[in-house]
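Remarks on the structure that follows.
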C-alpha cells in the first residue's frame with residue numbers, strides 16, 4: 001500500500017473579484033521529495049502556497065497537507081509545516097540567536113529544548129560565528145539561511161519555499177540549494193516556487209508548469225524537455241568517409257563537414273539512441289564520439305506558456 005502523499009490538491013479554485021487565479025488545480029507531492037512549481041508572473045504560484053499553508057482560504061477544492069485537511073483542520077496543518085516567503089522575516093533588532101529563541105518561545109518549545117534546537121540549526125546553517133550579531137550585518141544569503149532556520153525551529157514535515165533565492169547572488173543561491181538538499185535527505189517534503197529554471201532543474205524531483213490557474217505540464221526535468229521539439233544527437237566521426245556513409249544511412253540528418261559531425265533530430269531518449277547506433281553498426285560505420293542535446297527548461301517554459309521566463313536578475317512578485 002502506497003503511503004499518503006505529503007500534499008494532495010484536487011480541483012483547487014480561487015478568484016479575487018472577477019480575476020480567476022486558480023482554475024481547478026490538481027497536484028500531488030510524495031513525501032520526502034522536492035516539487036518545483038514554475039509559472040509566469042500572475043500564474044497563481046504564491047496564491048497556491050498561501051492556500052496550502054492556511055494563509056488564504058480556497059473558494060473550492062480539496063486540499064490536504066501532511067495528512068490533514070486545510071479547511072477543516074488548519075491547526076494540524078500549521079503544526080506540520082514551515083513557510084518561507086519571497087522576503088525574509090527576521091527581526092533586525094535581535095541577534096541571529098535571539099531570532100531563533102524568539103521562535104522557540106512562540107512555539108512553546110521550552111528553554112532547554114529551544115536552546116538545543118537553535119544551536120543545532122545555527123551549526124547546520126553555518127551561522128555560529130554570526131549568531132551574536134544583528135542580521136543587519138548579514139549578507140543576503142546569510143539572512144535567507146537565518147529565515148529558513150527560523151522556519152525549521154518547529155521541526156516541520158513539509159516546507160513551502162516561495163521564491164527563496166530571489167535577489168541572491170549565485171554563491172548564496174547555491175548555499176540555499178544545499179540547505180534544501182539537506183532537508184530532503186532528512187525526509188522533509190519541499191514545495192518550491194521559483195522563477196529560476198536552473199533552480200528547478202537542480203533541486204526538483206518533479207516540476208509542474210502552472211499557467212492560467214492549471215498545471216499545463218508535469219514531470220521530471222528530463223520528461224519536460226522531451227516534450228519540446230529541437231532535441232538532437234550529435235555524432236562525431238574520425239574522417240570524411242565515415243561522415244558521408246553515416247549521412248546516407250541517417251537521411252534527414254544535418255552534416256557539418258568542417259567539424260566531421262552529423263546532427264540527428266531526436267528526443268534524446270534511450271530507444272532513439274539505440275536505434276541510431278544499431279543502424280550505423282549495421283552499415284559498419286564507426287562513431288568517434290556522441291553527445292545528446294536537448295531543449296532546456298527555458299524552451300519548455302516558452303513552449304508551454306507562450307512567454308519567456310523572467311530575467312534572472314529581476315526581482316519578481318507573483319500572485
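Points to keep in mind about this one:
- Test: residue in the stretch 163-174 that is touching a strand residue (DSSP E or B) at 6+ places or on another chain (Cβ under 7 Å), surrounded by 16 or more Cβ atoms within 10 Å (Cβ to Cβ) and within 19 Å of residue 36 (Cβ to Cβ): yes
For every residue, the table says whether it meets (1) under 27 Å from residue 292 (Cα atoms); (2) outside any helix (DSSP H, G or I); (3) not assigned by TED's automatic domain parsing to the domain that holds residue 24.
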| site | (1), (2), (3) |
| --- | --- |
| 178 | no, no, no |
| 184 | no, no, no |
| 187 | no, yes, no |
| 191 | no, yes, no |
| 199 | yes, no, no |
| 202 | yes, no, no |
| 208 | yes, yes, no |
| 216 | yes, yes, no |
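- Against the test of being in contact with a strand residue (DSSP E or B) (Cβ under 8 Å, 6 or more places away or on another chain) and over 18 Å from residue 212 (Cβ atoms), the options 39, 44, 32 yield a single qualifying residue, 32.
- Of everything listed in (1) touching a helix residue (DSSP H, G or I) at 6+ places or on another chain (Cβ under 6 Å); (2) over 24 Å from residue 144 (Cβ atoms), the single unmet condition for residue 61 is (1).
- Checklist (1) surrounded by fewer than 17 Cβ atoms within 10 Å (Cβ to Cβ); (2) free of Cβ contacts under 8 Å to residues at least 40 places away in the same chain applied to residue 79, failing item: (2)
- Residue among 109, 102, 127, 122 that alone is buried (at least 19 other Cβ atoms within 10 Å of the Cβ) and assigned to a helix (DSSP H, G or I): 122
- Any pair with Cβ under 8 angstrom, 6 or more apart, that starts in the stretch 176-195 at a residue that is farther than 19 Å from residue 7 by Cα and ends at one that is assigned to a strand (DSSP E or B): 195/38
- For the stretch 79-99, the set of residues classified as under 24 Å from residue 50 (Cα atoms) and assigned to a helix (DSSP H, G or I) consists of 79, 80, 99, listed by residue number.
- Verdict on residue 151 being more than 15 Å from residue 88 (Cβ to Cβ) and modelled with pLDDT of 85 or more: no
- Conditions (1) in contact (Cβ under 8 Å) with a residue 40 or more places away in the chain; (2) assigned to a helix (DSSP H, G or I); number of the one not met by residue 234: (2)
- Scanning the stretch 103-124 for residues that are touching a residue at least 40 places away in the same chain (Cβ under 8 Å) and under 23 Å from residue 180 (Cα atoms) yields 103, 104, 107, 124.
- Criterion: modelled with pLDDT of 90 or more, surrounded by fewer than 17 Cβ atoms within 10 Å (Cβ to Cβ) and under 30 Å from residue 203 (Cα atoms) - qualifying residue of 289, 281: 289
The values are calculated or read from the model by the stated rules, or taken from the named source; none is laboratory data. Since we're looking at a predicted model, the values are computed, not measured. Because the Cβ atoms are built from the backbone with ideal geometry, glycine has one as well, and the counts that use them run over all protein chains shown.
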